[in-house]
Amino acid sequence: MDSKKASRRKFLKGGAAAAAVGAIQSASGQTPALVKSSLKDEVAYGERSHYVTSVRVPVLERPSPDEFGLTFHVLTPLQDSVGIITPSSLHFVGTHRGAIVPDIDPREYRFLLHGMVDRPLEFTLEELKRFPSVSRIHFIECLGNRAKPEHKTVQQTTGLTSCSEWTGVPLSLLLKEVGVQKGVSWVVSEGSEEVKGAGSIPLAKAMDDCLVAYGQNGEPLRPQNGFPVRLIVPGFEGIYNTKWLRRMKVADRYYMTYNDYGHISNDPKVAALTFQWGPKSVITFPSGGQKLPGRGVYQITGLAWSGGGAVRKVEISTDGGHTWKDAEIRGEVHRMAHTRFGMNWKWEGQECVVMSRCTDELGQVQPTRAQVAKVFNVPPDYYHNHGVQGSDNTIVPWRVATDGSVYNALA
Amino acid sequence: MGACTMHLRNLLLLVMILGLCQLASAQSPTYGLGKTPTTEEIRAWDIAISPDGKELPQGGGTAKEGAPLYAQKCASCHGATGSGGRAPELIRSESTTPAPGKQPPCLSPCIRGANVMAIHSPYATTIWDYINRGMPFGKEGSLKPNEVYALTAFLLYKNGVIPEDQVVDAQSLPQIKMPNRDGYVLPEWKHGMPRPFPNKP
């Protein structure tokens with residue numbers, strides 16, 4: 001053990017010396033070329049390896065930028081993800097109408113909190129940062145995140161969800177600071193982009209766990225994710241997490257804004273399945289478009305999350321849902337956050353269908369499409385051509401063919 | 001002398017405690033951060049229009065006044081007839097209604113197969129608010145209140161909601177009975193509330 005350590009030290013020392021003259025001996029004895037990088041990259045702000053090519057792509061249904069130059073919905077490459085944090089550069093992007101990212105000078109930034117309050121207040125970014133902050137890990141998922149038979153990859157079926165550590169001021173603290181008056185039931189938030197997208201959230205949620213956030217994964221928010229300030233509404237549909245937040249108005253009624261009206265339903269059963277995401281999970285490996293190189297041991301892995309709180313259990317089926325085994329939770333479990341799960345798996349070369357099922361802290365269980373169809377009294381194959389009512393948290397199955405190729409089993 | 005001091009000290013303590021209690025009940029700000037905006041400043045920021053229309057500005061317009069404005073400012077994206085353009089459909093007509101089974105997906109509830117704002121939104125204020133905040137594309141915020149009233153009237157008339165000569169203003173706009181007025185249910189939300197869905201695997 002000691003001699004092993006010493007030889008490793010010697011090796012590292014040798015490597016350092018070699019590096020000084022411009023080459024590093026790799027373990028295999030070959031000499032890799034040096035990374036070609038700029039001073040900006042080496043010193044100021046690091047780039048990932050050029051061997052890593054994982055990127056976001058626009059949703060299948062609409063190009064980005066579209067013919068108006070608007071970025072619509074852009075998908076996170078979940079198939080390449082490890083752990084639970086989405087790199088800020090790969091966080092999904094979604095805006096209701098499509099938006100051109102506003103260029104906001106943080107020194108000019110102002111946030112107005114007003115309406116049915118005792119003392120309306122206007123804050124600069126510097127002032128917001130003088131309040132006590134909290135950092136929490138939360139997913140954001142767009143209501144448009146719904147798997148379709150024509151989707152080939154997990155990026156297409158499920159890529160409108162991402163998870164970051166968000167840092168900011170609890171909205172409840174700011175609301176106490178302005179003094180919410182009697183009779184208030186809703187809070188309307190508004191962004192600074194060209195269309196000034198606005199949405200209404202219940203006061204109960206605003207006072208519960210929302211953040212007026214300026215930090216994402218240890219640095220300021222990325223422009224596409226709301227720089228310099230956005231709202232975080234943990235567990236709610238993505239649209240309520242207003243980006244480029246400029247104003248919140250405290251009110252005694254639902255405002256029926258453009259964003260609101262697009263998300264309403266006349267069916268109480270559907271309405272009850274909006275706002276808060278249900279328990280959801282998806283297998284990211286093996287998933288559509290990937291290929292198992294041969295028989296043998298693999299790690300089935302994926303992500304689980306719920307708008308209802310923490311993930312309590314994830315189960316995996318490798319026989320199309322006939323039998324289920326508990327997966328291991330691999331990492332930390334946070335409330336309303338992506339949770340990494342996995343399981344050892346030996347593939348014998350047979351065709352099979354793999355899928356995962358999430359149970360959350362409220363005891364809610366992720367449904368199959370057939371179960372949702374039963375609730376809404378439609379035929380079991382109804383969702384082949386229609387969207388699932390409310391937010392779609394149904395199980396996504398992947399079919400592994402005998403040659404190891406993986407396909408969307410909804411197709 | 002000693003007893004008197006102690007008495008005074010207790011009294012002082014009592015006054016301090018009472019003072020603290022009062023502070024708490026009045027919910028004074030704790031941090032003293034931020035600036036108090038003037039009423040005029042708030043009015044300038046506040047573009048959110050409630051369904052009761054209390055924030056609507058002075059002015060008004062009719063569909064007749066809106067028609068040339070539509071042709072000038074909206075038709076290039078939304079189409080001369082309000083449909084078939086590059087941007088979302090604004091006017092529903094029988095000729096553009098797709099055949100049954102060939103309807104494009106639309107938001108629930110789907111009325112007359114359409115996702116047209118004037119048909120789908122429960123309140124006319126939503127249309128006024130959105131034109132005012134978000135249109136025309138690339139020149140958002142450039143329309144005068146009279147123009148927004150006239151364009152709102154034009155879209156409502158063209159979708160069969162109001163007559164051509166109806167004046168739409170701050171008083172009449174919130175009163176307009178929209179076809180989908182009762183077509184929505186607001187979800188309730190409480191901390192720790194599960195979704196009402198069968199939770200058996």
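The values are calculated or read from the model by the stated rules, or taken from the named source; none is laboratory data. Bear in mind that the values here come from a model prediction, so they are computed numbers and not experimental data. Here the Cβ is made from the backbone with ideal geometry for all residues, glycine too, and neighbour counts use every protein chain on show. With ligands, DNA and RNA removed, areas are computed over all heavy atoms of the protein, side chains included. Shrake-Rupley method; radii C 1.70, N 1.55, O 1.52, S 1.80 Å.
Listing for the model above:
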{"read-out": "Shielding by partners, peptide A:271-277 (average Cβ within 10 angstrom, other chains)", "value": "5"}
{"read-out": "Reduction of at least 30 Å² in accessible surface, 1.4 Å probe, comparing all protein chains with the chain by itself, residues of segment A:99-120", "value": "A:LEU112, A:HIS114, A:ARG119, A:PRO120"}
{"read-out": "Spatial separation of Cα centroids for segment A:233-253 and segment A:98-147, in angstrom", "value": "9"}
{"read-out": "Exercise: per-residue mean of other protein chain Cβ atoms within 10 Å, A:205-216", "value": "1"}
{"read-out": "Cα-centre dipole for segment A:74-264 with unit charges at Cβ (Lys and Arg positive, Asp and Glu negative), debye to 20", "value": "260"}
{"read-out": "For peptides A:34-46, B:149-161, A:335-347, B:54-66, sequence by mean Cβ density within 10 Å, most packed first", "value": "B:149-161, A:335-347, B:54-66, A:34-46"}
{"read-out": "Computed over segment A:74-264: relative contact order in percent, which uses C-alpha pairs under 8 Å that are six or more apart", "value": "28"}
{"read-out": "Charge dipole (chain A, unit charges on Cβ, about Cα centre) - positive-most of A:SER317, A:PRO149, A:ALA206", "value": "A:SER317"}
{"read-out": "Fraction of antiparallel bridges per DSSP, the protein assembly as shown only, in percent to nearest 5", "value": "95"}
{"read-out": "Reachable lysines, given that their alpha-carbon falls under 16 Å from the alpha-carbon of A:LYS374 and they are not under 8 places away in the same chain", "value": "A:LYS269, B:LYS200"}
{"read-out": "Residue-averaged beta-carbon neighbours from other chains (10 angstrom radius) around B:129-135", "value": "5"}
{"read-out": "Cα-centred dipole magnitude for segment A:255-411, charges only on beta-carbon of K, R (+1) and D, E (-1), debye, nearest 20", "value": "200"}
{"read-out": "Residue with peak Gaussian network fluctuation, chain A [Cα springs, cutoff 10 Å], from A:GLY331, A:GLY144, A:GLY197", "value": "A:GLY331"}
{"read-out": "Relative contact order computed over segment A:280-408 (Cα-Cα under 8 Å; 6+ residues apart), in percent", "value": "32"}
{"read-out": "Spatially proximal lysines relative to B:LYS64 (Cα-Cα < 16 Å; intrachain offsets below 8 disregarded)", "value": "B:LYS73, B:LYS158"}
{"read-out": "Value of [θ]222 nm, deg cm²/dmol, for chain A, DSSP H segments ≥ 4, -39500 (n - 2.57) each, nearest 500", "value": "-3500 deg cm²/dmol"}
{"read-out": "Cα-based reach from A:LYS176 at 16 Å (exclusive), listing lysines while leaving out same-chain residues under 8 positions away", "value": "A:LYS205, A:LYS249, B:LYS35"}
{"read-out": "Most positive-pole-ward Cα, A:GLY191, A:SER162, A:THR394, against dipole of chain A from beta carbon charges", "value": "A:SER162"}
{"read-out": "Relative contact order %, chain A, counting alpha carbon pairs below 8 Å whose residues are six or more apart", "value": "14"}
{"read-out": "In sequence order, calculated HN-Hα J values of segment A:330-336 (Karplus, 6.51, -1.76, 1.60; Hz; x Gly/Pro)", "value": "10, x, 6, 10, 10, 6, 6"}
{"read-out": "Only Lys, Arg (+1) and Asp, Glu (-1) charged, at Cβ; chain A dipole about Cα centre in debye", "value": "1000"}
{"read-out": "Accessible surface, per residue, of the protein assembly as shown when the full set of protein chains is kept, probe 1.4 Å, Å²", "value": "47"}
